[in-house]
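Colleague: Here's a structure for you.
The values are calculated or read from the model by the stated rules, or taken from the named source; none is laboratory data. Not measured: the values here are computed from a predicted model. Here Cβ is always computed from backbone atoms with ideal geometry, including for glycine, and neighbour counts include all displayed protein chains.
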Amino acid sequence: MKNHIIFFSGGASSFSVVDFVKEKYPNDNVLLIFSDTLWEDGDLYRFVHETADKLELPLVTISTGLTPIQLMFEQHVIFNNRIPNCSKYLKMKVAADYLKKGITPKIEVWRNKQFLKQEDFRIDATLYFGIDFQEAHRSEPIKRNWSPFECQFPLIDYFINNQDVLDKWNIRIPELYLKGFSHNNCGGRCIRGGLAHFKRLKEEMPQVFNELVEQEHYLKLYVSEYHYIKNLEVDGLDDEVKALWHKNLKDCYSDYFYGRAKRPKVYIPTDLVINQYSFLKRHGGAYPLAKYARELNGNTGFTTQEDQFDLKYDVSGCGCFVDFGDKKEGDFFEEENFQLAMAI
Ligand code: SF4
């Protein structure tokens, strides 16, 4: 009996892949794997569970136990389109460790395990990814990085209408698509999103948008102060003192970033603007989400063409699981920068 493992992100395309594999290999061992960032839209869980239940397939959810915001806090860096560490650590590495090395992450939850036809689901497994012909250029890096597993991309070879497959199983499309988002990742907050993506988030889910603006604001302050201490050179200031200051600083913010407090334990002017880090990209550089929010509210002052936003077409978003760049050699998962210490 052959093993088939589908990276099921909760997206409509990966759902079509689930149906494709289920229909093609009805007698084999088919497993759905979902890397949870714990930052997902509530309806995503309804969707992945309903899929597993109606198609009678086993689903394993794995997670480090951290959200992208918490990982930024632990790594003292604010992610953006060019630093997508959440994609690397919370999605790809946790799955690679699980499948390649048999490492069980902090969270491993099984659903419908009774449908798992053999326990050794990793042996000679074929992995499936939900990329289509428009992303065919990603297939070679994926194959290299998931070797020795065989990788398959059914949506490159076959055109499948996602809505037809949803209708076939009578499963409602995830809520974020109905709100106009192009994907169902991280509850619409994706740090790789473009200006149009965040505009939609602000319009459709203002509470989530405002919470994200606030989190970015406090992250900027925390990260700036962390690195200020780290780089401080003063006579008599040794590593031991710096470690104590870092610990005190972390204590001020950790309850906030771990959801145990509404505010950090420090006084911070709420209108402070730092143009240094950001989720958003603009003209190839960083652009603070907080600043964008103020301008969408009309507090701009920008009048030149250069300052205009591409609010319609700059959607962008995460290529989690498939975005390995153009590296020709080596194993992405073993890269030195992939091994950045995770203080968790
Ligand atoms: S979807 Fe975006 S925010 Fe979520 S893990 Fe991927 S890159 Fe990070």
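Colleague: Those residues that are out of contact with any Asp or Glu (no Cβ under 8 Å at 6 or more places or on another chain) and assigned to a loop (DSSP other than H, G, I, E, B), I need them from the range 56-89; list them, please.
Modeller: Within the range 56-89, the subset out of contact with any Asp or Glu (no Cβ under 8 Å at 6 or more places or on another chain) is 56-59, 64-65, 67-77, 79-83, 85-86, 88-89.
The answer is 56, 57, 58, 64, 65, 67, 76, 77, 79, 81, 82.
Colleague: Scan the range 47-70 for residues that are over 12 Å from residue 91 (Cα atoms) and free of Cβ contacts under 8 Å to residues at least 60 places away in the same chain and jot them down. Don't jump to the end; show me each part of the working.
Modeller: First pass over the range 47-70, keeping only residues over 12 Å from residue 91 (Cα atoms): 47-60, 69-70.
Across the range 47-70, the qualifying residues are 48, 53, 56, 57, 58, 59, 60.
Colleague: Would you list the helices (runs of 4 or more DSSP H) that sit entirely within the range 159-218 and hold 3 or more residues that are more than 23 Å from residue 47 (Cα to Cα) and away from the ligand (no atom under 16 Å from the Cβ)?
Modeller: 195-204
Results for (1) closer than 28 Å to residue 250 by Cα; (2) at pLDDT below 90; (3) hydrophobic (A, V, I, L, M, F, W, C); (4) crowded, with 23+ Cβ neighbours inside 10 Å, shown as yes or no for each residue.
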{"position": "185", "(1), (2), (3), (4)": "no, no, no, yes"}
{"position": "192", "(1), (2), (3), (4)": "yes, yes, no, yes"}
{"position": "196", "(1), (2), (3), (4)": "no, yes, yes, no"}
{"position": "204", "(1), (2), (3), (4)": "no, no, no, no"}
{"position": "210", "(1), (2), (3), (4)": "yes, yes, no, no"}
{"position": "218", "(1), (2), (3), (4)": "yes, yes, no, no"}
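Colleague: Could you check how many residues of the range 119-138 are within 19 Å of residue 99 (Cα to Cα) and either surrounded by fewer than 16 Cβ atoms within 10 Å (Cβ to Cβ) or not assigned by TED's automatic domain parsing to the domain that holds residue 34 (or both)?
Modeller: So in the range 119-138, the residues within 19 Å of residue 99 (Cα to Cα) come out as 119-130.
Still in the running and either surrounded by fewer than 16 Cβ atoms within 10 Å (Cβ to Cβ) or not assigned by TED's automatic domain parsing to the domain that holds residue 34 (or both): 119-120, 122-124.
Count: 5.
Colleague: Are any residues in the range 94-150 hydroxyl-bearing (Ser, Thr, Tyr), part of a helix (DSSP H, G or I) and at pLDDT below 95, and if so, which ones?
Modeller: 139
Colleague: Within 13 Å of the ligand (Cβ to nearest atom), closer than 27 Å to residue 250 by Cα and not in a strand (DSSP E or B) - does that describe any residue in the range 2-14?
Modeller: No, the range 2-14 has no match at all.
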